[in-house]
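What follows draws every value from the coordinates through simple rules; no lab data is involved. Everything numeric here is computed off the predicted structure, so don't read it as measured data. Glycine gets a Cβ as well: all are built from the backbone with ideal geometry, and neighbour counts include every protein chain shown.
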């Protein structure tokens, strides 16, 4: 790339960092074309000082501000225009600004999804689409889940299913989905623990989780801007005890509000800049976090390359 163009891209990315990342992901009503691969790095910065201890909102001067940073790589490949597969792998860093708890870092959970659009039809003045998704996540390293809020994850194997509906009229759209996450039990590096009663085992029964989201905004070939409201609700689980550390099987509920922006550069075909932001407006046993994200994605068209190779072969004497 020319230096001026590269500078502009980096400048736009820095600007986008103040904006959850969406580029044909498991959460949006976008699909990759056949034989196209969308891939790129993402960065996320999340921090909170106040949190909900059960339903009681408080702070903790022994923690100060808790910060989680994530760098990851994500890819989405179009098997057909209606069937996509995607995968991602994040590396997580945690730290607290006060107290003696040290932060942790490492590879978290590898995740993969299959995304299928069985219905796309005209309805009234717009287009109505239905998407079904299935996925899983597996711990990618031997990190501990028993050091919250410094742990980088919950170390549970998860199966995920999602149903998504989308309706678009012109450039304006509304998308809604509901999802269910089934989580496996986990094991701690100790022989007993206490929740609401004493457990003489290292195995922890993890509660499942339901999630819902509504998003609406403007969508075109070069710009997507949308407002988003999301809710995660833990099924079963229990509240944190007073002045205690969080526990992996706590009930962890949250409602967030935010927005996403995706801009595709006209000067560089296939290159997109993505930024997002969201804030926890209500929660239970979670931090009131502000999360800022940014990323760069590039689409590789394997169909075009195969056509070029085929054409060059026909021209060989």
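Ranking 143, 43 by Cβ neighbours within 10 Å, fewest first, what do you get?
Fewest-to-most ranking of 143, 43: 43, 143.
How many angstrom lie between the Cα centre of the range 85-103 and the Cα centre of the range 239-282?
Distance between centres, Cα-based: 14 Å.
Per residue, how big is the convex hull around the C-alpha atoms of the chain? Give it to me in cubic angstrom, could you?
162
Convex hull volume of the Cα atoms in the range 33-132, per residue, in Å³?
167
First check a/c for the range 161-282, with a ≥ b ≥ c the square roots of the eigenvalues of its C-alpha gyration tensor; if it is under 1.5, answer rounded, and if not, answer prolate when a/b is larger than b/c or oblate otherwise.
In terms of gyration-tensor shape, prolate.
Per residue of the chain, what 222 nm ellipticity follows from adding -39500 (n - 2.57) for every DSSP H run with n ≥ 4, rounded to the nearest 500?
Using -39500 (n - 2.57) per qualifying helix, the result is -2500 deg cm²/dmol.
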